[in-house]
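One structure is given here, and the rest of the page talks about it.
The values are calculated or read from the model by the stated rules, or taken from the named source; none is laboratory data. Note that this is a predicted model, so its numbers are computed, not measured. Cβ: placed from backbone, ideal geometry, glycine included. Neighbour counts: every protein chain shown. Note: areas computed on protein heavy atoms with side chains; ligands, DNA, RNA excluded. Shrake-Rupley method; radii C 1.70, N 1.55, O 1.52, S 1.80 Å.
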Amino acid sequence: MFNKEGIPFFIIIVPFLSILFISFFSISYYLKLSNESHQKEIIQYQELEVKDFDFLIKTKLEEKEQEEKKFIKFMLTVAVVILFFMALFTLLMFSIIKNIIKKYKYKVQNREDELKALNENLSVKIEIGIQQAKQKDKKILEQAKLARIGSMISMIAHQWRQPLSQLSGILMELETATRFKKVDDAYILNAIDKSDKMIEFMSNTIDDFRNFYKPDKIKEEFLVSTACSKAINIIDATLENLGINLIFNVADDKKIFGYPTEFSQVILNIISNAKDVLMEKEIKNPKIQIDINSKGILSIITIKDNAGGINEENKELLFDPYYSTKDSSKGTGLGLYISKLIIERNMGGELSVFNDNEGAVFKIVVTG
């Protein structure tokens, strides 16, 4: 049925057999017709009572025999020619098919070799990819940590500016009173008491910042307003110093389940970004508004500013890592990326952004 290349024989043999069958059929049919014609002539001659009938019959038979021999010879010649060309055709087809199969086998073999090499190196490539991903994640976290430390130092400086000024005033008053010999025990004790309060405030500020950036170990229930207030307490001195009005509205507060410190960091990061945009665009009467509401089991927190909004081409890229609309010296492009990871991956919520008639609106939706 098949040759060694896997090609069915009938593809080549069928045309040859068909032509051979047609040739023999043509010869047989022609001989049959000739014989029938000869018999009819004999009958006609008998009916006409032709003279010398036997001689005529013999002559006709000889002519008929010669014609048949010529026809057979012709048909045999045709058959030989057909067989010759069919043999050439067969050899040609075998050659073409053999070349096609050879090329196909070569391609298949090359592909198998490539797949084999790929499989051999696949584990190595996967390991390299995992290591590169880990290094990238590590780099992202390190850059985020550095950016967070810089932001924290800046906010601590703003928080300490007022108590340091008050301490400086107390010391100046104490120095003046000493120079004019108006210092008594009560005055000194009062100055010490005020100074202790300022120092305690500054110490508490350090504790607040340290606890604020300390990662949560386990999930817990907490009020949305409490987490937002922690973020506001960290940055309110900075906003006040820059003349930015912060509006905090709590329409419907409820408890949610998650990481309270991480949630506060998200709120702080969005407020900080809004602050930077307001200062960069030099907005008159800058403001940031935080609204807390709920709908069914969902808690909805919106944080908006009046900085004019975000360009449409930047919206799709806003939460991508390393993408930032700020100058490279002012931002790493990781804050919103990490914020989205915290809300959506760690707390199962959603963080999105859109524009209203005044500016950008960041919307956080989490399950209560």
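I'm checking my understanding of the structure. Among residues of segment 260-294 that are over 35 Å from the mean Cα position of the chain (by Cα) and not β-branched (Val, Ile, Thr), which one is most open to solvent (accessible area, probe 1.4 Å)? This residue is Lys284. When Ala237 is tested against (1) part of a loop (DSSP other than H, G, I, E, B); (2) farther than 17 Å from Phe362 by Cα; (3) aliphatic (A, V, I, L, M), just one condition goes unmet, and that condition is (1). Of all residues in segment 256-289, those that are touching a residue at least 60 places away in the same chain (Cβ under 8 Å) and more than 20 Å from Asn233 (Cβ to Cβ) total 2. Among the conditions (1) open to solvent by 60 Å² or more (accessible area, probe 1.4 Å); (2) in contact with a Lys or Arg (Cβ under 9 Å, 6 or more places away or on another chain); (3) modelled with pLDDT under 85, Pro215 misses just one, which is (2).
Scanning segment 230-259 for residues that are buried (at least 17 other Cβ atoms within 10 Å of the Cβ), among the small types (Gly, Ala, Ser) and more than 12 Å from Ile288 (Cβ to Cβ) yields a total of 2.
Determine, yes or no, whether Ile149 is open to solvent by 60 Å² or more (accessible area, probe 1.4 Å), modelled with pLDDT of 75 or more and under 37 Å from the mean Cα position of the chain (by Cα).
Numbers: open to solvent by 60 Å² or more (accessible area, probe 1.4 Å): yes; modelled with pLDDT of 75 or more: no; under 37 Å from the mean Cα position of the chain (by Cα): yes.
So Ile149 fails the test.
Here is a check on your reading of the model: is Asp327 out of contact with any Ser or Thr (no Cβ under 8 Å at 6 or more places or on another chain) and either at pLDDT below 90 or not in a helix (DSSP H, G or I) (or both)? Considered against the rule, which asks whether it is out of contact with any Ser or Thr (no Cβ under 8 Å at 6 or more places or on another chain) and either at pLDDT below 90 or not in a helix (DSSP H, G or I) (or both), Asp327 comes out as yes. Scanning segment 158-200 for residues that are of a type in the set (Lys, Arg) and either in contact (Cβ under 8 Å) with a residue 60 or more places away in the chain or under 25 Å from Asn233 (Cα atoms) (or both) yields Arg161, Lys194, Lys197. Inspect segment 285-295 for any residue being modelled with pLDDT under 90 and of a type in the set (A, V, I, L, M, F, W, C) and give the result as yes or no. Scanning segment 285-295 turns up no residue that is modelled with pLDDT under 90 and of a type in the set (A, V, I, L, M, F, W, C). Of all residues assigned to segment 76-91, at least one qualifies as being open to solvent by 100 Å² or more (accessible area, probe 1.4 Å), at pLDDT 75 or above and not aromatic (Phe, Trp, Tyr).
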